[in-house]
Every structure is written in structure tokens, then in C-alpha cells.
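The values are calculated or read from the model by the stated rules, or taken from the named source; none is laboratory data. The structure displayed is predicted, hence computed values, not measured ones. All Cβ positions, even for glycine, are placed from backbone atoms using ideal geometry, and neighbour counts span all protein chains on display. In case anyone asks, the SASA skips ligands and DNA or RNA and just uses the protein heavy atoms, side chains included. Shrake-Rupley method; radii C 1.70, N 1.55, O 1.52, S 1.80 Å.
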Amino acid sequence: MILADLPLPVWATLCPETPPKDIEVLGPDVWRVGDVVLKRFPEADLARFRRIVRAHRQAGRIFRGCEGMAAQRLRGFDEASRALLLDFVPGRSGRMALLEDVAPEDLLARAGAWLNHLHGARAVSEGRFDPWGAIERLPQTPNCAEPAGYEAAMARLRHEADRLQGRQVRRACLHGDLTLANLLFGQGVVTGIDFENLAQHPADRDVGEIWADLLLHVRRLPSDLRLMPRAWEAAFARSYPDVRPKVARFYTRHRILKAWAAIPAEPPDRGPGRDRQLINIRALMARGAFAETSQA
């Protein structure tokens, strides 16, 4: 990767004595430089950026000295350029592990243990569930693949929201964007990354989002006529014992709809990743996985 791809003034501020080399672009405004990651948030105002810094520090404290589990370490930051300097975490993401045919039960068991530690490390409270904010954040009529199916699934999710309104939920410190891409599986260690959205929310939001990410990216779905296959849910629950299943399934369906809304209507615009998601969504719809009665 050519040196011009790296924001050199930002690098010079954070690492003034280290010439950059071995540069790789990891994503928009994210670069790996040797054994560190430079990450910028150019659209964030100062208050938002300071919250991001605090979130990474908090995650670091939660997992400090925790055997077999970790959080990506914050090395430094620069407010003027809205930039973080973080450790580069080796290892494969949960999504890559799925593509390499690691058993979903094994992934879920390890992810559940990591998440159980995150949620239990700070004060936990009980509250009343209000699912309608999540519903309102979803695109209502997106120009996506198979829009009639999306509309039907959305109608079912609204019905589910009515039934769950006011249910007792556990609130905890959440990752806030928990996908298998944000969990890295190394030599006996699970490391979480990307803590920008760390905040207090219903705990089962993280649970549902990681379940959805697995359902969207796994190579083969079993024929179990449920949203989450029984064996997979049981494997997760063994290391994360305080699942509220109905709320977790609500967030699973919510995250699947969020992904569905982003799948382009025209096949040439999709690419293999989006095609895989659509195949799995079709399978889930065919077996009635958006109906709560499928989980009896």
C-alpha cells in the first residue's frame, strides 16, 4: 500500500518518532501500520469523540487481566484530528471462522463467555422494554431485494413489538455493534474490537445481534424450524446463562431486517457476501422464523 494512502500529519502527531511502514487499509478511515491501527472519526464532533475515547478506555478496564478474553488496547488519541491509535489484534474474525467451517456451537460458546463478562462487569439494572425505538430506526420501505418479503417480515416484527412492550429486561453495558466481525479469535483468546457504541441498553440487544450475524453469514442453516436452531442457542446459553430469549429473538429479527434493507434489488449490485445473506434470509423466511410461534 502506498504511503500517500495514510494521513501522514495524523500519524506524525501520534507517533512522531516512528516512520510508518507496512501499511494496509482496513476500511474507510482505518489503517494498519505495523502492529498498530490508526482509526479516524472525521464526522464526530468533540463531545462524540470524547465519548468514543472513554468507551475504549472502559472496555480496556473491563477486560484487563481477564484470562482468555480481551479488548483491543487504546494506545493514544488526538482530539484535533479525531484519531485513535490502537493495538492491531491478530487472529481471524468470527465471520472468517464460519467460512472456514468452525462449528457454530463452538463460536457461540466462546462469544457467549466473552459477552457474559462484558455485561457482568458493570452495574446491571432491570427496566421495562420499549422496542419501538428500534423499529423506528429500521428503513420502512427500502429499495431492497424482495421488498414484499421485507414488508411482511416488518409487519411481523411490529406485531412482536406490541407483545413485548413493557416486558422486564436486564440493562447492562453493551458493545452496541456486536457482529462476528468485531470478535477476533486468536490463540486461546477472544478479543473484542470497535467499542465506539459502548452504552447502557437492554443486554439482549448484543445477544440478538450476534445471533443474527451468525444466521446471516453461516454457510449452511440446519432444517430446524426455529429462528435460532436449538443446539446453537443451547451452546450460547451454557456460557451466557441469563438470556431473555423472546427479547433476544426480537433483536435477532431486527438485525436481520437491517441487513436485508441494505441488500440491493439488482443481482449485479450485490456481490457474494450480500448474495449469501439473501440466501439465508430466504431460508429463514421459508421456515417461518419471523413468527414467534416458530420458537415454541
The chain - percent of accessible surface contributed by carbon and sulfur, probe 1.4 Å:
52
Hey, could you grab the Kirkwood Rh for the chain? Inverse mean 1/r over distinct alpha carbon pairs, Å, one decimal.
20.3
Among Ala234, Ala259, Ala286, residue whose mean-square fluctuation peaks in a GNM of the chain (springs only between Cα atoms under 10 Å):
Ala286
Calculate how large, on average over all directions, the projected area of the Cα convex hull of the range 97-185 is; give the answer in nm² to one decimal.
7.9
Could you give the Stokes-Einstein D for the range 115-257 in µm² per second, using the C-alpha Kirkwood radius, 25 °C, 0.890 mPa s?
152
Where only protein heavy atoms count, and the probe is 1.4 Å, what is the accessible area per residue for the chain in Å²?
46
Spacing of the two label points (7 Å from each Cα toward its C-beta) at Arg48 and Ala123, in nm:
2.8
Furthest towards positive pole of dipole, Pro147, Pro202, Pro28, structure part the chain, Cβ charges
Pro202
Restricting to lysines and to Cα separations under 18 Å from Lys21, and discarding same-chain partners fewer than 8 apart, the set is Lys39
Output ordering of 243-253, 102-112, 152-162 (per-residue mean of other Cβ within 10 Å, highest first) is 243-253, 102-112, 152-162
Förster radius 51 Å - calculated FRET efficiency between Leu26 and Asp130 (Cβ-Cβ, nearest 0.05):
0.90
May I ask for the angle, rounded to the nearest 10°, between helix 230-239 and the longest principal axis of the chain, with both axes built from Cα atoms and the value confined to 0 to 90°?
50
Shape of the range 171-233 from its Cα gyration tensor (a ≥ b ≥ c, root eigenvalues): rounded if a/c is under 1.5, otherwise prolate when a/b > b/c, or oblate?
oblate
Nearest-ten-degree value, helix 204-217 long axis tilted from longest Cα axis of the chain
90
Identify, among Asn116, Gly127, Ile62, the residue whose Cα sits farthest towards the positive end of the charge dipole of the chain, taking +1 on the Cβ of Lys and Arg and -1 on the Cβ of Asp and Glu, with the dipole about the Cα centre.
Gly127
Selection from Thr252, Tyr240, Ala286 lying farthest towards where the dipole of the range 236-292 points positive, charges on Cβ:
Tyr240
Cut-off under 19 Å on the C-alpha distance; same-chain residues fewer than 8 positions from Lys258 excluded. Which lysines are left, in chain and number order?
Lys246
May I ask for the percentage of alpha-carbon pairs in the range 213-285 that lie more than 15 Å from each other?
58
Looking at the range 60-143, what % of the alpha carbon pairs are farther apart than 16 Å?
73
Treating only Lys and Arg (+1) and Asp and Glu (-1) as charged, each at its beta carbon, one finds that the range 147-296 has a dipole about its Cα centre, in Debye to the nearest 20, of 500
Subtract the Cα-Cα distance of Val102 and Asp242 from 0.36 nm times their separation in residues, and report this length gain in nm to one decimal.
47.9 nm
